[in-house]
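The values are calculated or read from the model by the stated rules, or taken from the named source; none is laboratory data. Keep in mind that this is a model prediction, so the values were computed, not measured. Quick reminder, even Gly has a Cβ in these numbers, built from the backbone with ideal geometry, and neighbours come from all protein chains shown. Calculation scope for accessible area: heavy atoms of the full protein, side chains included, ligands and nucleic acids excluded. Shrake-Rupley method; radii C 1.70, N 1.55, O 1.52, S 1.80 Å.
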There are 2 protein chains.
Amino acid sequence: MVPRLTTALNGPLLELERKFLDHTTTIEQWFRMQWLDHLPPFYGSVDLRNSGYKLAPVDTNLFPGGFNNLNPAFLPLCVQAANAAVERICPDAQQLLLIPENHTRNQFYLQNVARLVSLLGHTGLTVRIGSLLPEVTTPTRIELANGESLLLEPLVRKGSRLGLDGFDPCAILLNNDLSAGVPEILQGLDGQWLIPPLHAGWHQRRKSGHFAAYDQVANGFAERLGLDPWLLNPYFGRCGQINFHERTGEDCLAGQVDMLLTRIRAKYKEYGVDEKPFVIVKADAGTYGMGVMTVHDASEVKDLNRRQRNKMSVVKEGMQVTEVIIQEGVHTFETISGGVAEPVVYMIDHYVVGGFYRVNNDRGRDENLNAPGMHFEPLAFDSPCSVPDCRQAPDEGPNRFYAYGVVARLALLAASVELEQTAPAEAVVA
Amino acid sequence: MVPRLTTALNGPLLELERKFLDHTTTIEQWFRMQWLDHLPPFYGSVDLRNSGYKLAPVDTNLFPGGFNNLNPAFLPLCVQAANAAVERICPDAQQLLLIPENHTRNQFYLQNVARLVSLLGHTGLTVRIGSLLPEVTTPTRIELANGESLLLEPLVRKGSRLGLDGFDPCAILLNNDLSAGVPEILQGLDGQWLIPPLHAGWHQRRKSGHFAAYDQVANGFAERLGLDPWLLNPYFGRCGQINFHERTGEDCLAGQVDMLLTRIRAKYKEYGVDEKPFVIVKADAGTYGMGVMTVHDASEVKDLNRRQRNKMSVVKEGMQVTEVIIQEGVHTFETISGGVAEPVVYMIDHYVVGGFYRVNNDRGRDENLNAPGMHFEPLAFDSPCSVPDCRQAPDEGPNRFYAYGVVARLALLAASVELEQTAPAEAVVA
């Protein structure tokens, strides 16, 4: 059971949640129509920030790595949704090759992989794990802290097909975000379902592209519901030619920060929000919370010291940051036992299958809670996001979770639109 | 929580369950391939009998009336599955008209209707209830024992469309089994989704047709798994020209009973089953457990007294029985607190969404547990049927439930095949 959340501000967000509750039928119909036109990603997770006056996505992950954090009671929901995803994308698949990240020392991540293997197995797929690690040259069993184990096997490429020794799968599911680019062994595959498609990897994907698609989705949704889309959507800008070491691109960055802060201030005034506006500067192609900075004034990005510049210039797999997104900061007003909390919603196909709170006792309301080496406490949602109860108050558990699920699905839909827009001309979008 | 079931016989059924557990991947793949070729019914429920040596469906209901008996914790599974069903059958539907049975004094049934309205509402449909009762001439609110209420409204037919006052739905969902035939107001509709199609009603459907389709499905499945199909499939026969009052057709009946008992005896011998074989004689077009008789010897059907003949001759809505199915009886070896129990599995689209036990303290192991006026205690399954755990014993809860779900889905698939075979040439199968 998740402890009851406390939300510091009981103002406008209740209005937003009330609006969702009053229009669940319209919302669900709207989504159903959208999914007729757009192929949902196989899976995804969305980080939300709930400021009391605003509920918005701040990151959408197409290679979700926290299935182990979901309430185990929702496993049947995951299985059912995974069934739907398999039927939609690769109905004839019998064998599936799962390619995870290379974090073999991260017990939390490995438990995520184990959970994925288990839930995909329940859909009737034979699932085996192929490792991109060069040191995995023979099948290698890894023991997990929870008593389970995983067998990592070396990938075997034969012509245009990828598999394992004695295993020629119809489908390959990536749980590796390709931050370092597409490994050669994954290039030029033919006749196998590759899920999600390669262009969903961070070697090609850009947060700014996602949020441009989100603008489009959120505007359509807000119009349908008669809402100000800002209540669901963080402003953003981007700078495409940054070099933190050589201090080039600082003017672009400072200009974007200043423009965003001005726009946010105007909105705060309109809604009577008595908070200090801030923006988040982060790598446009990054993940894992690396290369993230909270900025309250444009001058701050002009006076970065060496440590800050180092921190911002490198993300996962040692990739250099040359493009950044500057995103309106959304204060987290949700706290659990004094710790700052942000909800993370998990989806398979277009179904919300659970979520958890990232809870952090050391960070402020205007800081990123997902950073390397940072301890966060996952707290599984205690009810799914699909069954609001209109007779209860908007901030009661099932209803708050419903609101999370609505905004998370908007972000997932944006990811669909984004992948359509970025699909290479010759690609089969799987 | 459901108390632990006790199964008197720990013999061959464990072998069957073990076989299912060892082949979950094959089973789920097999089902996925089948559902590519066959449209699942919108919803259905299947009565199972578990004899210890055999696990078989004995009735498949395409107008399930016990959603209120399911574990409320599975409501999200129902909502997700209903979403899939709506997307498959009537994705553009926004308004749905639900037409229930006319049992306005049956609180249990009315709570089923309320549960259906609720779960369909969560999929984003505006659901209203249209009554076939002639006395419902104005909107009539019915209070339920659980504090909820239902609004029954008079149906309004306009040309070839059916609706309510101010309500012109895209889809009509029948929760009425049409035992008395298709009411005129439902005939000749055009431009609306009618779910399930009219020919799924008991005015046209025959149990023998269903079990003929089940033969086909069970044989295919058993062959794939290397099983004797008899372990999943009750023998049956039919007599098409019975008149219990005039005592015509008794020879056909006695002959079928004798033949089936002979075949069952041979199977009992093959498997070393030390039980007394019996058959169930029931109306081929009946439901609600009316017109059902347990027979141990052919002579019994020749010596029916007036009371027995009366009991067998009429089913729901006063319809005369002229066709009967004679079905191999399957002893129920499952007991809960001394009462005899049979599992009922609920499905929406092709997903198992829960189930319950019909528990009866007054009936024997070879009797029908679903009869009019009979008290049964519904006991919701405490875990869904989709997540077997191979590390546990075959008769542990999750695994026994998985076995139930497999056999129930075989019966649901048989219903799909049956509806295809009986579809009128011009019908759009919805």
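Residue under question is residue B:97, and the condition is that it be free of Cβ contacts under 8 Å to residues at least 60 places away in the same chain and closer than 18 Å to residue B:163 by Cβ; does it hold? Step through it out loud before you land on a result.
Numbers: free of Cβ contacts under 8 Å to residues at least 60 places away in the same chain: no; closer than 18 Å to residue B:163 by Cβ: yes.
No; evaluated as a whole, the condition is false for this residue.
Can you confirm whether residue B:137 is among the hydroxyl-bearing types (Ser, Thr, Tyr) and more than 26 Å from the chain's Cα centre (by Cα)? Yes; evaluated as a whole, the condition is true for this residue.
Rundown of residues vs (1) at pLDDT 90 or above; (2) β-branched (Val, Ile, Thr); (3) touching a helix residue (DSSP H, G or I) at 6+ places or on another chain (Cβ under 8 Å); (4) within 30 Å of residue A:17 (Cα to Cα), yes/no style:
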| position | (1), (2), (3), (4) |
| --- | --- |
| A:232 | yes, no, yes, yes |
| A:235 | yes, no, yes, yes |
| A:251 | no, no, no, no |
| A:276 | yes, no, no, yes |
| A:305 | no, no, no, no |
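All of A:261, A:173 fail the test of being crowded, with 20+ Cβ neighbours inside 10 Å, without any contact (Cβ under 8 Å) to a residue 40 or more places away in the chain and of a type outside the set (Ser, Thr, Tyr), apart from A:261. Every listed requirement among (1) away from every other protein chain (no Cβ under 13 Å); (2) within 24 Å of residue B:189 (Cβ to Cβ) is met by residue B:88 save one, (1). Would you call residue B:73 over 30 Å from residue B:230 (Cα atoms), within 14 Å of chain A (Cβ to nearest Cβ), in a helix (DSSP H, G or I) and under 20 Å from the mean Cα position of the chain (by Cα)? Taking the combined requirement at face value, the residue does not satisfy it. In segment B:28-53, the residues that are within 14 Å of chain A (Cβ to nearest Cβ) reach residues that are assigned to a loop (DSSP other than H, G, I, E, B) and open to solvent by 20 Å² or more (accessible area, probe 1.4 Å) with C-beta atoms within less than 7 angstrom, at least six apart or across chains, in these pairs: B:29/A:94; B:32/A:91; B:36/A:91; B:39/B:429. The residues in segment B:115-166 that are farther than 27 Å from residue B:84 by Cβ, open to solvent by 20 Å² or more (accessible area, probe 1.4 Å) and β-branched (Val, Ile, Thr) can be counted, and the count is 5.
For segment A:232-255, filtering for residues that are outside any strand (DSSP E or B) and either open to solvent by less than 20 Å² (accessible area, probe 1.4 Å) or within 17 Å of residue A:286 (Cβ to Cβ) (or both) leaves 11.
Note on segment A:91-102: among residues that are open to solvent by 10 Å² or more (accessible area, probe 1.4 Å) and closer than 24 Å to residue A:38 by Cβ, the one that is nearest to the other protein chains (Cβ to nearest Cβ) is A:91. Report whether or not residue B:246 is of a type in the set (D, E, K, R) and either on the phi > 0 side of the Ramachandran plot or modelled with pLDDT of 85 or more (or both). It is false that residue B:246 is of a type in the set (D, E, K, R) and either on the phi > 0 side of the Ramachandran plot or modelled with pLDDT of 85 or more (or both).
Exactly one residue out of B:116, B:133 is aliphatic (A, V, I, L, M) and within 29 Å of residue B:349 (Cβ to Cβ), and it is B:116. Taking segment B:20-40 as the range and being open to solvent by 10 Å² or more (accessible area, probe 1.4 Å) and part of a loop (DSSP other than H, G, I, E, B) as the test, the residues that pass are B:23, B:38, B:39.
Among A:216, A:192, which is the only one that is farther than 27 Å from residue A:76 by Cα and modelled with pLDDT under 95? The unique qualifying residue is A:192.
May I ask you to say which residue of B:398, B:384, B:378, B:372 is part of a helix (DSSP H, G or I), at pLDDT below 75 and of a type outside the set (A, V, I, L, M)?
Numbers: B:384 fails: part of a helix (DSSP H, G or I); B:378 fails: part of a helix (DSSP H, G or I); B:372 fails: part of a helix (DSSP H, G or I).
One residue alone meets the criteria, B:398.
When residue B:341 is tested against (1) open to solvent by 10 Å² or more (accessible area, probe 1.4 Å); (2) among the small types (Gly, Ala, Ser); (3) at pLDDT 70 or above, just one condition goes unmet, and that condition is (1). Only one entry in A:115, A:105 is within 14 Å of another protein chain (Cβ to nearest Cβ) and within 23 Å of the chain's Cα centre (by Cα), namely A:115. When residues in segment B:40-85 are screened for being closer than 14 Å to residue B:409 by Cβ and aliphatic (A, V, I, L, M), 5 of them pass. With respect to the conditions (1) open to solvent by 10 Å² or more (accessible area, probe 1.4 Å); (2) over 23 Å from the mean Cα position of the chain (by Cα); (3) within 9 Å of chain B (Cβ to nearest Cβ), residue A:83 lacks only one, and its number is (2).
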